[in-house]
Structure formats: C-alpha cells, structure tokens
Amino acid sequence: MTVIVEQPELEVEVVEKKDDVEENELLLDGGFVVPETNSFGQTFRDYNAESERQSSVEQFYRTNHINQTYDFVKKMREEYGVLNRVEMSIWECCELLNEFVDESDPDLDEPQIEHLLQTAEAIRKDYPNEDWLHLTGLIHDLGKVLLHPSFGALPQWAVVGDTFPVGCAFDESVVHHKYFKENPDYNNPAYNTKFGVYSEGCGLNNVLMSWGHDDYMYLVAKENKSTLPSAGLFIIRYHSFYALHRAGAYEHLMNEEDVENLKWLKIFNKYDLYSKSKVRIDVEEVKPYYLSLIKKASIP
C-alpha cells in the first residue's frame, strides 16, 4: 500500500482541567456523552452477553488466539512491510471498507466507513482545534483494507480484533484468553514468561504485536514519512491493545514516551469505542471537511 499519510506540523494542544487536577493533566472527558448501550442494546465490549453476534465473535477469537504466533507476526511484517500491494487514496480506502463488517466487534455491524466517521466526528466536536486527531480518527482503521483481494484478502483473524504482544506470556486480561492454550507459543519457554524475548522498559516500539490492521496502518504511515505526531502514530498502532489501555497489562514493557502517548490513546479510545451506534453519519455532508483536511495534509 503506497498511500502517503502526511500531516502538516501541528501543535498538539494539551487541554487542562482548572480545578481539582494536576497541571498538564489531559482532559479525558471533553463533552462526549458515553451511551449506555451499543447498537445491539447490550453493554459495550461484553463478550459474554447473549446476542446475535456472541457465538461468531467467540469463534473469531479462538481462531485468532491459536494462530497469532511470534513467527507468524514476523512473517507478515516482512511480507507487508514492503508496501507493494496497490496505490490508493485515503478516501478510496475509506469507501473500500464499505464492503466489510468487523467479525470481532460485538458492538456494531455497520460498514466500517460508518465507524471511521462516527469516531472522527465525535472527536472533532470535542477537540475542534486538534485536526491531527480528527485525521487519526478517520484513518485509524484503514488497515482493514487487508480484507480486500487487492491487499491479499487476509482472513478476519489476521486483520481485526484486540491486539496483544507476541514473544512473551499472554496476559489473562486479553479477551477469551483460554484459547491461547492452543497457541504453539503458549508452552514455548522462550515466549511464555513475563518478559519473553523483551526486557523491562524496552519500549512498545520494540515489541511485536499480533498482526492486523493496526500494525499495518502504522507501517504505512511510518514508511511514507508521515508527519503525524508521535501520539497519532501510537494511537494507530495500539488502539486495539485493550489489555494495555483498559486493564493496565504489559506496562512493564513501556518507556517514558509510551507513558505520555498512552494519555492521548485513552482519550481517543473513548471515541473509538463509544461512538459506535445506530445513529448514521451523513457521509456526503461531512465528506468535504475531510477531503479538505486530507488536501491540507498533502495526502493523495
């Protein structure tokens, strides 16, 4: 994929609360109101709730957890890191995702472009001056084009779902952890300890994550010399790493830059997760704004 994700150098304004918070603490709430239920009337990310998608979501994670090994991830990064699949504009990639529904997601069964715009629009409302964050919201899931034949038609278990480190022990906070017992790395002494092949504070940039759309879009942005701020690239790469930003797992692998970027990821995650609803976005109404943002950022 040779899409150039380039953003002009924008100042990242840290919003501060004025009363009972420490100086420079990020405003985590904005004005966004978290809905009580997802589009199926269930609580968000409830993988045990009885719903029409519960069984298929669990089967997805079984397949994912069995097959996402250290060797598999290395192979996929080598194969897809060369970015030689197809050349396509950002908006063309967004429209391409209209063909797909994320089988790992218990909260939504709408086409993916709906989710991209729901996320970006919710962020835009609360953080109108952070257009790098609007752009991140728009493109964070574009790596799901890996599902399309033009990009290799990878199976869903190799594209979507919660991500987690490989090369070290699988933390019990990872959803449907029980299926890792069938993963070849589970009983491999080189990979099944707390640190595995890594060291304390090595930095997440040095940790291999399960392969999927997050890591692929990160590689696209990085290899195309994107000028998105470090926090934007961090969000793209780790937005599905729920074991970290929801359960606090794997913090022993983080460095100081990761700690700072995690603050922005936690802001972003609220919009990524809770903006999923049956309220539809008028694509044609908001399209001009995002096209202007893409143009401003010199993205083809």
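The values are calculated or read from the model by the stated rules, or taken from the named source; none is laboratory data. Since the model is a prediction, treat every value here as computed from it, not as a measurement. Backbone-built Cβ (ideal geometry, glycine too); neighbour counts: all protein chains shown. Note: accessible area is taken over every heavy atom of the protein model, side chains too, but ligands, DNA and RNA are not part of it. Shrake-Rupley method; radii C 1.70, N 1.55, O 1.52, S 1.80 Å.
Descriptive notes on the structure:
- Residue pairs whose Cβ atoms lie under 6 Å apart, separated by 6 or more positions or on different chains, with the first residue in the range 69-93 and on the phi > 0 side of the Ramachandran plot and the second open to solvent by less than 40 Å² (accessible area, probe 1.4 Å), are Leu83/Met1.
- Any hit, the range 210-219, residues being hydroxyl-bearing (Ser, Thr, Tyr), touching a helix residue (DSSP H, G or I) at 6+ places or on another chain (Cβ under 8 Å) and open to solvent by 10 Å² or more (accessible area, probe 1.4 Å): yes
- Residue match in the range 198-208 (condition: assigned to a helix (DSSP H, G or I), over 23 Å from His65 (Cβ atoms), open to solvent by 10 Å² or more (accessible area, probe 1.4 Å) and touching a Lys or Arg at 6+ places or on another chain (Cβ under 9 Å)): yes
- Residue within the range 230-247 that is closer than 19 Å to Ala120 by Cα, surrounded by fewer than 22 Cβ atoms within 10 Å (Cβ to Cβ) and over 14 Å from the mean Cα position of the chain (by Cα) present: yes
- Residue satisfying all of: in the range 112-124; among the charged types (D, E, K, R) and over 17 Å from Val101 (Cβ atoms); surrounded by the most Cβ atoms within 10 Å (Cβ to Cβ) among these: Arg124
- Helices (runs of 4 or more DSSP H) contained entirely in the range 61-165, each with at least 2 residues that are of a type in the set (Gly, Ala, Ser): 112-126
- The set of residues in the range 125-147 being closer than 17 Å to Gly81 by Cα and either more than 15 Å from the chain's Cα centre (by Cα) or surrounded by fewer than 20 Cβ atoms within 10 Å (Cβ to Cβ) (or both) consists of Leu147 alone.
A quick yes/no check of all residues on (1) acidic (Asp, Glu); (2) at pLDDT 95 or above:
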residue: Val57; (1), (2): no, no
residue: Tyr61; (1), (2): no, yes
residue: Thr69; (1), (2): no, yes
residue: Asn84; (1), (2): no, no
residue: Ile90; (1), (2): no, no
residue: Cys93; (1), (2): no, no
residue: Asp109; (1), (2): yes, no
residue: Val145; (1), (2): no, no
residue: Val159; (1), (2): no, yes
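- Figure legend. Inter-residue proximity from the range 244-265: first residues closer than 18 Å to Ala169 by Cβ, second residues polar (S, T, N, Q), beta-carbon distance below 7 Å, spacing 6+ or different chains. Indicated pairs: Ala247/Ser173; Ala249/Ser173.
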